[in-house]
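In what follows, a single structure is set out as structure tokens and then discussed.
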Amino acid sequence: DGVIDSGKVNTNNLAVKVTESEVETKEKGTEEESTKESDSTILDVSSDYPREKHISIQRQLADLEKLADLNEAEKKPCPLCPEEKFKACYGHKLHRHLQNLHWKISVEFEGYRMCICHLSCRLAKPNLVGDQTFSKMGAHYHCIICSATIARRTDMIGHINRHVNKGETESRFITAPAPKSSHEVLKESDTDVQVLPNYSTPQKTDSYFNPKMKLNRQLIFCALAVLAEERKPIECLDAFGATGIMGLQWAKHLRSSVKVTINDCNENSVTMIQENCHLNKMKVKLNTKEEDNDEAMGDGEENNDTIEVTKMDANVIMHLRSFDFIHLDPFGTSVNYLDSAFRNVRNLGIVSLTSTDISSLYAKAQHVALRHYGCNIVRTEYYKELAARIVIAAVARAAARCNKGIEVLLAVALEHFVLVVVRVLRGPSPADDSAKKVRYLIHCQWCEERIFQKEGNMVEENPYQQLPCDCHGSMPGKTAVVLGPLWSGALFNTGFLRRMLFEAVQYGLDEVQPLLKTLVCEAECTTLKNFSTHSPYDENKQEECGVYIKTPDALAESYVLHGKRKNNEVVRNTAKRQKSDTSAEHPAFYYNIHRHSIKGMNMPKLNKFLNYLSEAGYRVSRTHFDPMGVRTNAPLAQFKTILVKYSTPTYAGGQAEGPLHLTEDIQVGDQVQAAADGKAGEDKFLKDSKAGDAATTFTNDCPAHCAAD
């Protein structure tokens, strides 16, 4: 890079002689480089001959300004530009020059910035003009690791990456080493983690830490805390540890209830995890061998407070060992690890996975969704729930290949991630039941009505007849598309969510409580927001999976209904009945009220509109997928009808069309009133049954329900 070996340069077959002075300076430069390299070898033995870094390599912009000695009263030259390129100027202009020309296009490495340099450190190829030769001083970067000078910024980044891949991260220059305190220490949920300076950028650090995923970590912690109450101790795995923040929170709060294993295949991340364990005063057991350690970790009281740190591929450790709780959070999609996760997970265990490939799941990169999930999708108003059902369908297929079924406990899709938590049910029958719930969806592209295809393999003559809308008959061309395969079952388990809410209250996780309350209402498809802060384990342990989980005798004796204690058989039958009810708890998908609003009309407030739908006899709730979404079992036509009825004109000119809208509204009102009258008796029965269930759910020592926000 820029070192001329001979004293002649051939240009267009012409021998151009370079002046002897230039040759002498180049020879001196090569001699100086050789002496510097010899000095660098001496530095490995002793530090008697320190050598400072180049002035273009600085930590902060203020350090670069100190070299310039900014002064408003005097003109100062730029320390990185020759006088003929940038003349001396006053401080404010020089500050802008340093910031815009040198600092903004620098290359960052381990807290240092390699700024672009215009000094005569590197000669560019000479230009021939007539019989004269002009040597142009080219802009370049100085490598902090070696003595190379690189012209382009992209080449410099690649040059640094090659050093990192070879393990050459120590500089030959005597730079002031960054103290250990430069590693920032962050605190989350009473857990301290040490992170690198570029912890929030995956491309610049090995140990990636995203503060925006705090809500995700709290949801997973609540799910693990619920499982820890069912059976103790449980073995849990954080397959992609990074900084180890999630596993540290598990071990620090749940303590002897869990045996935590934090895994990562990156050596730097494993070192960071060990340091964070010591920072939180946790014992560490390091295991880097790919061998089965079930017997070593099977029983032993000394391992309860110890975090095991492993350096393996995630697929390898999940194939070798069995766990009760597995969490997958790779970069992007999790489909490459699903087969390994379900291979050895224990019966009634939990698998949670976080997918961050939202570009494909949210239908921005449809070809990627087809490649990863084998699913055809388009952008819809309910795209977030569509993404959750895509992931669950992939999970169900992977579990079925291992003769295991799943029950979805939780599915959350927010701006940055899609979180799915499922319980594993071992056996071919649950596997068949789960596989049957993976179906295709028919979606109308005109009105966005949707319906799952009917079960069966017979080809229908006109698939459009399955849609409730008549867009195919009134609109030209093909109006619907087939999406999927998707998960058609329930996305939430009400009992599990209530227990997660209880654990969030117990551990003081305030950020996740509003979301859990919304999920409980969404799972029950109701707008009633009554919750109990007392333990719901007496009832809800029997709600899941159709499996009776035995509770302590004291809790069983306190389970009373109308003055009579339930025996185990009655509780088991109740669990099966509740399981059948929870499978149809909430209708699939939701409608966006803005998407179906009428032009020139002011739509009602969302809460009022929910009351109007409820008064019409339909089940309705809000959804966490969309702040303006409405989850209801009302058909889209009836949804629009009620929305039109309670909308008001936005301008006075709209009153001219009043008679037409009034006649339609009268008809709509008659239909809505008839529907309400027809279901009045059913509403009364539902209210009575809810009141009876509330009397059985909460024992006598429970206070009044706390209202949600």
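General remarks:
- Enumeration of residues in region 639-661 that are of a type outside the set (Lys, Arg) and modelled with pLDDT of 50 or more: Phe639, Thr641, Ile642, Leu643, Val644, Tyr646, Ser647, Thr648, Pro649, Thr650, Tyr651
- Restricting region 164-186 to residues that are touching a strand residue (DSSP E or B) at 6+ places or on another chain (Cβ under 9 Å) and at pLDDT 75 or above, the residue that is nearest to Pro82 (Cα to Cα): Val164
- For Pro468, the test of being in contact with a helix residue (DSSP H, G or I) (Cβ under 9 Å, 6 or more places away or on another chain) and more than 25 Å from Leu361 (Cα to Cα) is passed.
- Applying a threshold of 6 Å to beta carbon distances and a minimum spacing of six or more residues, or different chains, the list of pairs starting in region 244-271 at a residue that is more than 13 Å from Lys285 (Cα to Cα) and ending at one that is crowded, with 20+ Cβ neighbours inside 10 Å and charged (D, E, K, R) reads Met246/Arg217; Met246/Asp238; Gly247/Asp238.
- Checked against the criterion of being in contact (Cβ under 8 Å) with a residue 40 or more places away in the chain, at negative phi and surrounded by fewer than 21 Cβ atoms within 10 Å (Cβ to Cβ), the candidates Val408, Val395, Val438 yield just one match: Val438.
- If you go through region 595-653 and pick out every residue that is among the aromatic types (Phe, Trp, Tyr), part of a loop (DSSP other than H, G, I, E, B) and more than 14 Å from Thr526 (Cβ to Cβ), you end up with 3.
- Hey, Val420 in contact (Cβ under 8 Å) with a residue 40 or more places away in the chain, closer than 29 Å to Met246 by Cα and within 13 Å of the chain's Cα centre (by Cα) or not: yes
- Considering only residues in region 233-254 that are more than 17 Å from Asp192 (Cβ to Cβ) and surrounded by fewer than 24 Cβ atoms within 10 Å (Cβ to Cβ), the one that is nearest to the chain's Cα centre (by Cα) turns out to be Phe240.
This table checks each residue for (1) part of a helix (DSSP H, G or I); (2) under 18 Å from Leu486 (Cα atoms); (3) of a type in the set (Phe, Trp, Tyr).
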site	(1), (2), (3)
Tyr337	yes, no, yes
Arg346	no, no, no
Val351	no, no, no
His372	yes, yes, no
Ala394	yes, yes, no
Val408	no, yes, no
Val420	no, yes, no
Arg439	no, yes, no
Glu448	no, yes, no
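- Any hit, region 521-541, residues being of a type outside the set (Ser, Thr, Tyr), farther than 22 Å from Glu407 by Cα and modelled with pLDDT of 85 or more: no
- Against the numbered list (1) modelled with pLDDT of 95 or more; (2) out of contact with any strand residue (DSSP E or B) (no Cβ under 6 Å at 6 or more places or on another chain), Lys404 comes up short only at (2).
- Residue tally, condition open to solvent by 10 Å² or more (accessible area, probe 1.4 Å) and under 23 Å from Arg631 (Cβ atoms), over region 345-361: 1
- For region 374-392, filtered to residues that are in a loop (DSSP other than H, G, I, E, B) and among the β-branched types (Val, Ile, Thr), the residue that is surrounded by the most Cβ atoms within 10 Å (Cβ to Cβ) is Ile377.
- Here Glu415 meets the list (1) closer than 30 Å to Cys521 by Cβ; (2) touching a strand residue (DSSP E or B) at 6+ places or on another chain (Cβ under 8 Å) almost entirely, failing just condition (2).
- Close pairs (8 angstrom Cβ cut-off, 6 or more residues apart or separate chains): without any contact (Cβ under 8 Å) to a residue 40 or more places away in the chain in region 510-528, of a type in the set (Phe, Trp, Tyr) anywhere: Val520/Phe531
- All positions within region 616-650 that are farther than 14 Å from Phe589 by Cα, touching a Ser or Thr at 6+ places or on another chain (Cβ under 8 Å) and open to solvent by 10 Å² or more (accessible area, probe 1.4 Å): Tyr618, Ser647
The values are calculated or read from the model by the stated rules, or taken from the named source; none is laboratory data. In this text, all values refer to a predicted model and were calculated from it rather than measured experimentally. Note: ideal-geometry Cβ built from the backbone for every residue, glycine included; neighbour counts use all protein chains shown. For accessibility, only protein heavy atoms count, side chains too; no ligands or nucleic acids. Shrake-Rupley method; radii C 1.70, N 1.55, O 1.52, S 1.80 Å.
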